[in-house]
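Worksheet for the structure shown next.
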Amino acid sequence: MVLGDLSMWGYTAGAVKYYSVLSFTGETMYAKETVMTVSPWDGSGSRCTFYTPVDRAYFATYNLTYPYLPNAAYAYYDGTYLVDFGGASDWPVLEGAYLRILKFPLTVGDTWPALDTCHAFPGERFPIMDEDVDGIPDSLYYDTSYATTTYLNGDTVEVYVYPMVVGRFYTASGYSGDTFYCCNRLTSYYYLRFRYVRGIGMVFLSIDSMLMYQTFTMIDTSTGDTLPVPPYLVGRYINYQVWEYTTTAVAERPERKGKFVLRGSVLKAEEEVSVYSTDGRLIAHLSKGRSTRLKPGVYFVRFRRGVVRVMVR
């Protein structure tokens, strides 16, 4: 299997995907991903220069259950790796890391460093917002992690990342008697599984577990003795987050007559309808009385109160 270009893995301008998202709390939420643009990129803004520009997709993910501003991210293919989730700091919870998700040619058992070094080196610190609210910006770093192709069958490939390591340095400090506390560091370990399908893209993401460790330094101001506290576990989450692709995020329902007429390959709207491909792409939006000719295949026709699957032969 070869990549060819980003469109083979679902990155086409206007493409839409929906996901159900199960968190460790047991709550199920829903998300929508939309590819905003796909354009040539020469590596500007990163450490890399591509003398032959590569395709880079800019996409946005929305939390449909608790709407808020979309979380934007990037994906690109550099000739060896499909790099995904670049800059996605809030949703999904991948802390903004650019990850090398797939390596080509796809080979079961192949292992590679998962962190994309065009954007970050292991241990390099980046400023982030003042999370400890002391008036001083804090910082974040990514540590070495690896990815392995664990499954390959036809158009489906699965990859395991073990683990993705994200550290945060906090500047807040304070005294307790003669003891000065400083240099607080919080390190999270994410164990990730991905499944990609050719023509669709990511159809499954599981953060199987997330471990969080904390460490800090104590200084006795009366003696000058310094004691770094070894990392200790402050959080352990199993099945932290699971994303599953749900096609168009609308259940297939029995056909309702009177919404459209399909004669051969021509679909005519009796009221306002939208036509989607099975991978979630908007094919046509028709107002009442308008029509479109469809290529052979399966489509979802969405109208005000439902969705119908139709087949064009």
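The values are calculated or read from the model by the stated rules, or taken from the named source; none is laboratory data. Bear in mind the structure is a predicted one, so any value in this text is a computation, not a measurement. When we count neighbours, we look across all protein chains shown, and the Cβ atoms used for this are built from the backbone with ideal geometry, even at glycine. Just so you know, the surface numbers come from the protein's heavy atoms only, side chains and all, with ligands and any DNA or RNA stripped out. Shrake-Rupley method; radii C 1.70, N 1.55, O 1.52, S 1.80 Å.
Miscellaneous remarks
- Residue tally, condition more than 16 Å from Tyr11 (Cβ to Cβ), outside any strand (DSSP E or B) and charged (D, E, K, R), over region 54-111: 3
- Conditions (1) closer than 26 Å to Asp208 by Cβ; (2) in a strand (DSSP E or B); number of the one not met by Thr25: (2)
- Check on Lys17, open to solvent by 50 Å² or more (accessible area, probe 1.4 Å) and not in a loop (DSSP other than H, G, I, E, B): no
- Contact map, region 228-239: residues that are closer than 18 Å to Thr217 by Cβ paired with residues that are surrounded by 12 or more Cβ atoms within 10 Å (Cβ to Cβ) and modelled with pLDDT under 90, Cβ distance under 9 Å, separation 6+ or inter-chain. Pairs shown: Pro228/Cys183.
Here's the yes/no breakdown for (1) small (Gly, Ala, Ser); (2) at pLDDT 85 or above; (3) buried (at least 16 other Cβ atoms within 10 Å of the Cβ); (4) out of contact with any helix residue (DSSP H, G or I) (no Cβ under 9 Å at 6 or more places or on another chain):
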position	(1), (2), (3), (4)
Arg253	no, no, no, yes
Leu262	no, no, yes, yes
Val266	no, yes, no, yes
Val273	no, yes, yes, yes
Ser287	yes, yes, no, yes
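- Of everything in region 184-200 that is touching a Gly at 6+ places or on another chain (Cβ under 9 Å) and of a type outside the set (Val, Ile, Thr), the residue that is nearest to Leu102 (Cα to Cα) is Tyr196.
- Within region 21-57, being within 19 Å of the chain's Cα centre (by Cα), within 12 Å of Tyr76 (Cβ to Cβ) and open to solvent by less than 40 Å² (accessible area, probe 1.4 Å) holds for one residue alone: Ala57.
- When residues of region 150-175 are limited to those that are open to solvent by 70 Å² or more (accessible area, probe 1.4 Å) and out of contact with any Cys (no Cβ under 8 Å at 6 or more places or on another chain), the one farthest from Ile136 (Cα to Cα): Asn153
- Phe59 at positive phi and among the aromatic types (Phe, Trp, Tyr): no
- Neighbours by Cβ (under 7 Å, 6+ apart or cross-chain): first from region 68-88, crowded, with 17+ Cβ neighbours inside 10 Å; second among the acidic types (Asp, Glu) and modelled with pLDDT under 90: Asn71/Asp90
- Selection of region 1-12 for residues being buried (at least 16 other Cβ atoms within 10 Å of the Cβ) and in a loop (DSSP other than H, G, I, E, B) yields Leu3, Gly10, Tyr11, Thr12.
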